[in-house]
Amino acid sequence: MTEPTKLTVFYDGSCPLCIREIGLYQSLKGADAIAFIDISHSEHAIVAPGLSKDAAMRRFHVMRPDGRISSGGPAFAHLWAALPGLSWLGRLFLIKPMPCVLDAAYTVFLPMRPSVQRLARRLVKRP
């Protein structure tokens, strides 16, 4: 479990799409101030207070420095806000009603995620 001292990102390290996206975020300036936690191999049923591994594997989550959990679109907005190069985008998507709009877009994407993951796996296996 992670202490809420900085933004913590919980991600599915068994998903090639997720790995690429998280890798992009980790390469950005300011990413060293964010904890990135691969929960795919965790043996714990609870990965953070109020967040089960099962829930975290189904949907993107972050734990904010105050310990509150955000998921889906708003979680991305909090991540972007924590990265200096994307902070303007994060702040924009944290202004109401933008979190709802972003979450709706994320919710539409979720059913497509398995197909996108399969495509990403095929692309990664190609030389």
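Values in this text are rule-based calculations from the coordinates and carry no lab data. Just so we're clear, the structure is a prediction, and the values are computed from it rather than from any experiment. Glycine gets a Cβ as well: all are built from the backbone with ideal geometry, and neighbour counts include every protein chain shown.
Over segment 30-83, what relative contact order in percent results from Cα pairs under 8 Å that are six or more residues apart? Show your work: numbers first, answer last.
Values: 41 pairs, mean separation 15.3, N = 54.
After rounding, I find 28 percent.
Farthest toward the dipole's positive end in the chain, which of Trp80, Ala35, Leu102, given Cβ charges of +1 (Lys, Arg) and -1 (Asp, Glu) about the Cα centre?
Leu102
Contact order normalised by length for the chain, with contacts defined as Cα pairs under 8 Å and 6 or more residues apart; what percent is it?
Value for the chain: 25 percent.
For the chain, can you list the cysteines whose C-beta has no other cysteine C-beta under 4.7 Å from it?
By the Cβ distance rule, which asks for a partner under 4.7 Å, the isolated cysteines are Cys100.
How many percent of the alpha carbon pairs in the chain exceed a separation of 18 Å?
Values: 4347 of 8001 pairs.
Of all Cα-Cα distances in the chain, 54 percent exceed 18 Å.
On full extension of the chain, what length is gained from Trp88 through Ser115, given 0.36 nm per residue of separation minus the C-alpha to C-alpha distance?
On the way: separation 27, 0.36 × 27 = 9.72 nm, distance 3.10 nm.
Residue separation times 0.36 nm, minus the Cα-Cα distance, leaves 6.6 nm.
Stretched out fully, how many nm does the piece from Leu123 to Gln26 gain, at 0.36 nm a residue minus the Cα gap?
Gain on stretching Leu123 to Gln26: 32.8 nm.
Taking the Cα centre of the chain as the origin, how large is its charge dipole in debye, to the nearest 20, when only Lys and Arg (+1) and Asp and Glu (-1) carry charge on their Cβ atoms?
Using only the charged Cβ atoms, the result is roughly 520 debye.
Comparing Leu24, Leu79, Leu94, which has the greatest mean-square fluctuation in the GNM of the chain with Cα pairs linked when under 10 Å apart?
Leu24
Taking a cut-off of 19 Å between Cα atoms, list the aspartates and glutamates near Lys53, but don't count ones fewer than 8 places away on the same chain.
Within reach: Glu3, Asp12, Asp38, Glu43.
With Cβ to Cβ distances under 12 Å as the rule, what net charge do the other residues near Phe76 carry (K, R +1; D, E -1)?
-1
What residue among Ser87, Ser14, Ser115 has the largest mean-square fluctuation in a Gaussian network model of the chain, using Cα springs under 10 Å?
Of the options given, Ser115 has the highest mean-square fluctuation.
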